[in-house]
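Beneath this line is the structure, given in structure tokens, with notes to follow.
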Amino acid sequence: MEVKITIPFNKPYLTGKETHYIYQAVQSGKISGDGMFTKKCHTYFEQTFGFKKCLLTTSCTDALEMAAILLEIKEGDEVILPSYTFVSTANAFVLRGAKLVFADSYSYNPNMDASLLEALITPKTKAIVPVHYAGIACDMDTIMDVAAKHNLFVVEDAAQAIDSYYTGRDGVRRPLGSIGHLAAFSFHETKNIMSGEGGMLVINDERFVHRAEIIREKGTNRSAFFRGEIDKYGWVDMGSSFLPSDILAAFLFAQLESLPQIQAKRKEIWETYHNAFEKLETVGKIKRPMLPDFASNNAHMYYIICESLEERSALIDALKSKGVLSVFHYLSLHKSPFYENKHDGRALPYTDFYSDSLLRLPMYYELSEEEQGLVCQTILSFYNA
Ligand SMILES: *Cc1c(COP(=O)(O)O)cnc(C)c1O
């Protein structure tokens, strides 16, 4: 019997101010890109997180594509990235002709194992693209050290990592997205703060700022023109249309104003799950998310690790029978129909392990205590705990 889903996996949260700001944007008479609300968002991010330069884009996918253009990735270049990630991390570089070199995940979490990087570097390697899975930081000191030693660029895929931090060996706590040369964020409706679709490129290396503005504006120097720095604008480089309408920025700004409140609520939900499953982990039935000491928690996602694909499928069904939608996540990119025959053939056992056994639980602002209780109870009784 089909049971109706009453607890979805995700439910976009509205602060209530979105339509008010959209109305203001419309009234302002300028709803193309880089209007009033885009500037407000840029300022918010630069001041709150200390990002050197922020540029809103229409998606994180776009921001990653901009990064690949900025790094002048070309046919034959090699880019190191995890196999356990979203296709956009990979596509951005494939579109420029790069060869993907996948790094396996850690045994203890799905992030790329930084200790494997050195062995994957060749004279053709151009960039490393760490993905902060679930908003949990990668080992950025090791990644930045390897990159510096081999003269490589680092692009952080920080799609899930807003308001998450990394504490370096120097004891300094830095926001994710502020460490690599470039970083990409997503404001897709499945992320902590969102505008339906939406993204941002962060430029931490000054050398890329000028060209990033041009690439985002179809290869023209229109941004400098609007600032009055030049008296006419023209085609000066390659580029595309990567900037969002100010209507989208107006929506996003409403969310930004509520970021602390959204984060507090998500962390509460995350902690409830984490405490509820402590015993299951102790008795060895499941594994809970593992945060290294250097990583903070932005409560982007709550996942558990099951024993096997079969067990996970049975648990998904058990939850579904109670009206709860839980979902698995990435399928190994190195085994995908598109890339399998281009992959160098190395086995990536931990990537495959997470593909088979990781299960994401409902996580959204409006998830009530009772609903969370039902999710936890169903999982606990599934394991007879
Ligand atoms: C969501 C996500 C993206 C893509 O973001 P869009 O804004 O939808 O383009 C890329 N990488 C990761 C790791 C993501 O989670």
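Here are a few things to note about the model shown:
- Dipole in debye (nearest 20) - the chain, about Cα centre, beta carbon charges: Lys, Arg +1; Asp, Glu -1: 560
- Rg(Cα) / (2.2 N^0.38 Å) computed for the chain, rounded to two decimals: 1.01
- Inter-label distance, nm, simple model (7 Å from Cα along the C-beta direction), HIS20/ARG227: 3.2
- With 0.36 nm allotted per residue and the present C-alpha distance subtracted, the THR190-GLU118 stretch has 22.5 nm of extension available.
- Each Lys and Arg Cβ is given +1 and each Asp and Glu Cβ -1; about its Cα centre, region 174-247 then shows a dipole of about 100 debye.
- Under the span-like rule (Cα at least 30 Å along the axis, Kyte-Doolittle mean at least -1.0), DSSP H helices of the chain: none
- With contributions of -39500 (n - 2.57) from each DSSP H run of at least four residues, the per-residue ellipticity at 222 nm computed over the chain stands at -11000 deg cm²/dmol.
- A dipole drawn for region 259-384 from +1 and -1 charges on Cβ atoms has a positive end, and of GLN377, SER326, SER336 the residue lying farthest that way is SER336.
- Two-site FRET efficiency, GLN377 against GLU307, from Cβ-Cβ distance with R₀ of 22 Å, rounded to 0.05: 0.65
- Take every DSSP beta bridge whose two residues both sit in the chain; close to 60 percent of them are antiparallel.
- Under the convention that each Lys and Arg Cβ holds +1 and each Asp and Glu Cβ holds -1, the size of the dipole of region 297-385 around its Cα centre is about 260 debye.
- Descending by average beta-carbon neighbour count within 10 Å, the peptides 154-166, 273-285 line up as 154-166, 273-285, the highest first.
- Residues of region 255-277 with amide N under 12 Å of the 7 Å Cα→Cβ point at VAL327: none
- Of the trypsin sites (Lys or Arg not before Pro) found in region 124-226, those that fall in a DSSP loop while having at most 14 other beta-carbon atoms within 10 Å are LYS124, ARG169.
- On full extension, the segment bounded by ASP141 and TRP235 gains 29.9 nm, given 0.36 nm per residue less the C-alpha separation.
- Positive-end extreme of charge dipole, the chain - chosen from LEU176, TRP270, PHE353 (charges on Cβ): LEU176
- Note on LYS149 and ASN384: the extension gain reaches 79.5 nm, defined as 0.36 nm multiplied by sequence separation minus the Cα-Cα distance.
Each value in this text was obtained by applying a stated rule to the coordinates, not by laboratory testing. Computed from a prediction, not measured in an experiment: that's the story for all the values here. Positions of Cβ are generated from backbone atoms using ideal geometry, with glycine treated the same way; all protein chains shown enter the neighbour counts.
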